[in-house]
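Q: Submitted below is the structure of interest, expressed as structure tokens.
The values are calculated or read from the model by the stated rules, or taken from the named source; none is laboratory data. Quick caveat, the model's predicted, so the values are computed rather than measured. Neighbour counts are summed over all protein chains in view; Cβ atoms, including those assigned to glycine, are modelled from backbone coordinates with ideal geometry.
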Amino acid sequence: MANFNRAYSENVPGDFFVDDTCIDCDLCRQIAPSVFQDEGDHSAVYHQPGSASETRRAAMALVACPTGSIGTQHKLDIREAAASYPELIDDNVYFCGYASSSSYGASSYIITRPEGNVLVDSPRFAKTLVRRIEQLGGISLMFFSHRDDVADHQKFHEHFGCSRIIHRADSGGIDTERVMEGQEPIKLDKDLLVVPVPGHTRGHVVLLYKNKFLFTGDHLAWSESRGGLIAFRDVAWYSWPEQTKSMKRLLDLEFEWVLPGHGRRAHQPRDVMRRKLIDCITWMEGN
Ligand code: SF4
């Protein structure tokens, strides 16, 4: 729970504040951009909510925050915000909120499908979220983009009885029922294609759903400031040249959503997304 005595001085006066436990994961700024802003290495409140909808978004950021760094000076009823996750993005794809500090606040997603729901990377195992996922039909498969974003997977596995899948090269020390091998694309089902993209980690993979949604983990994200797709060179733990090569593999795919673990999501027409991907590869090759 956030502590007002440790609130950053940059918070504007009012009910909401961010304290000094913030890990700068960016989630609150994505969820409630009219309330939270970047202050270099942390977030702070730059505008107190002035309407019911702003208060609701700020409360949703409070719920999603992986470190409990957002607080209010007065007691806030967060039941509605807590029950608002998973939040629909498009079609049958949802954002889970409830980020975990063990995955550094990475975003996770759920796809609801008649063949069985897929949880993409792991959120925090929170009671309200688990109940909502039950209402959506539970989880058949937990898919891991890479080893860093597995968070509370064991609890989800035990609760929902779902199988878990990760690439062999990232599987060390992580219990899963299935392991992907090699560097060729793998069809998990008629609408689910996995593409290995070593770079951020050796066993990083992305998941393409219905040729529309690309779940990119920490491989690829959108940058508001650049107005384009980006990769994060300073966290290319395995190999930046490999990550650059891997990025070219995505040119074989069609998609209009980029849904990352870290960084911003993007929704663009397919042809625009392709152009942005080419720009990103050109930038990577020059860096
Ligand atoms: S969601 Fe929490 S940890 Fe992440 S930037 Fe906001 S206050 Fe910091």
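Q: If I ask for residues that are surrounded by fewer than 17 Cβ atoms within 10 Å (Cβ to Cβ) and either of a type in the set (Val, Ile, Thr) or at positive phi (or both), which ones from the stretch 27-53 would you list?
A: Result: Gly40, single match.
Q: Restricting the search to the stretch 113-136, which residues are touching a Phe, Trp or Tyr at 6+ places or on another chain (Cβ under 7 Å) and outside any helix (DSSP H, G or I)? Walk me through it before giving the result.
A: First, pick out the residues of the stretch 113-136 that are touching a Phe, Trp or Tyr at 6+ places or on another chain (Cβ under 7 Å): 118-126, 129, 132.
The answer is Val118, Leu119, Val120, Asp121, Ser122, Pro123, Arg124, Phe125, Ala126.
Q: I'd like to verify a number: residues in the stretch 37-76 that are within 21 Å of Thr128 (Cβ to Cβ), within 10 Å of the ligand (Cβ to nearest atom) and either among the polar types (S, T, N, Q) or in a loop (DSSP other than H, G, I, E, B) (or both), how many?
A: 5
Q: Which of the residues spanning the stretch 167-207 are under 16 Å from Leu253 (Cα atoms) and either touching a Cys at 6+ places or on another chain (Cβ under 9 Å) or part of a loop (DSSP other than H, G, I, E, B) (or both)?
A: Gln183, Glu184, Pro185, Lys190, Asp191, Val197
Q: Is at least one residue of the stretch 202-218 modelled with pLDDT under 95, among the hydroxyl-bearing types (Ser, Thr, Tyr) and either within 24 Å of Ser171 (Cα to Cα) or surrounded by fewer than 16 Cβ atoms within 10 Å (Cβ to Cβ) (or both)?
A: No: the stretch 202-218 contains no residue that is modelled with pLDDT under 95, among the hydroxyl-bearing types (Ser, Thr, Tyr) and either within 24 Å of Ser171 (Cα to Cα) or surrounded by fewer than 16 Cβ atoms within 10 Å (Cβ to Cβ) (or both).
Q: Suppose we filter the stretch 1-36 for residues that are of a type in the set (Ser, Thr, Tyr) and away from the ligand (no atom under 12 Å from the Cβ); how many remain? So that I can check it myself, show each step before the final result.
A: Step one: list which residues in the stretch 1-36 are of a type in the set (Ser, Thr, Tyr), which gives 8-9, 21, 34.
Cutting the leftovers down to away from the ligand (no atom under 12 Å from the Cβ) gives us 9, 34.
Qualifying residue count for the region: 2.
Q: OK, next. Of everything in the stretch 89-112, what is surrounded by fewer than 18 Cβ atoms within 10 Å (Cβ to Cβ) and not in a loop (DSSP other than H, G, I, E, B)? Give them in sequence order.
A: Within the stretch 89-112, Ile89, Asp90, Ser101, Ser102 meet the criteria.
Results for (1) of a type outside the set (A, V, I, L, M); (2) within 18 Å of Leu207 (Cα to Cα), shown as yes or no for each residue.
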{"site": "Ala61", "(1), (2)": "no, no"}
{"site": "Leu76", "(1), (2)": "no, no"}
{"site": "Glu80", "(1), (2)": "yes, no"}
{"site": "Val93", "(1), (2)": "no, yes"}
{"site": "Gly97", "(1), (2)": "yes, no"}
{"site": "Ser108", "(1), (2)": "yes, yes"}
{"site": "Val118", "(1), (2)": "no, yes"}
{"site": "Gly138", "(1), (2)": "yes, no"}
{"site": "Gln154", "(1), (2)": "yes, no"}
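Q: Need pairs with beta-carbon distance below 8 Å; first residue within 21 Å of Leu214 (Cβ to Cβ) and at pLDDT 95 or above and within the stretch 168-192, second among the aromatic types (Phe, Trp, Tyr) and assigned to a loop (DSSP other than H, G, I, E, B); sequence gap 6+ or separate chains.
A: Asp170/Phe144
Q: Sticking with this structure for a sec: Can you tell me which residues in the stretch 77-88 are of a type outside the set (Asp, Glu) and either under 21 Å from Gln37 (Cβ atoms) or in a strand (DSSP E or B) (or both)?
A: Here is the first cut: in the stretch 77-88, the ones of a type outside the set (Asp, Glu) are 78-79, 81-86, 88.
Of everything in the stretch 77-88, those that are of a type outside the set (Asp, Glu) and either under 21 Å from Gln37 (Cβ atoms) or in a strand (DSSP E or B) (or both) turn out to be Ala81, Leu88.
Q: Please determine, by comparing only the residues of the stretch 129-143 that are hydrophobic (A, V, I, L, M, F, W, C) and touching a residue at least 40 places away in the same chain (Cβ under 8 Å), which one is farthest from Tyr104 (Cα to Cα).
A: First, pick out the residues of the stretch 129-143 that are hydrophobic (A, V, I, L, M, F, W, C): 129-130, 133, 136, 139, 141-143.
If we keep only those that are touching a residue at least 40 places away in the same chain (Cβ under 8 Å) too, we end up with 129, 133, 136, 141, 143.
Numbers: Leu129: 19, Ile133: 22, Leu136: 26, Leu141: 22, Phe143: 18 Å.
Looking at the filtered set, the residue picked out is Leu136.
Q: May I pose another question? Can you tell me which of Val258, Val272 is hydrophobic (A, V, I, L, M, F, W, C) and in a helix (DSSP H, G or I)?
A: Working: Val258 fails: in a helix (DSSP H, G or I).
Val272 is the lone residue from the list that is hydrophobic (A, V, I, L, M, F, W, C) and in a helix (DSSP H, G or I).
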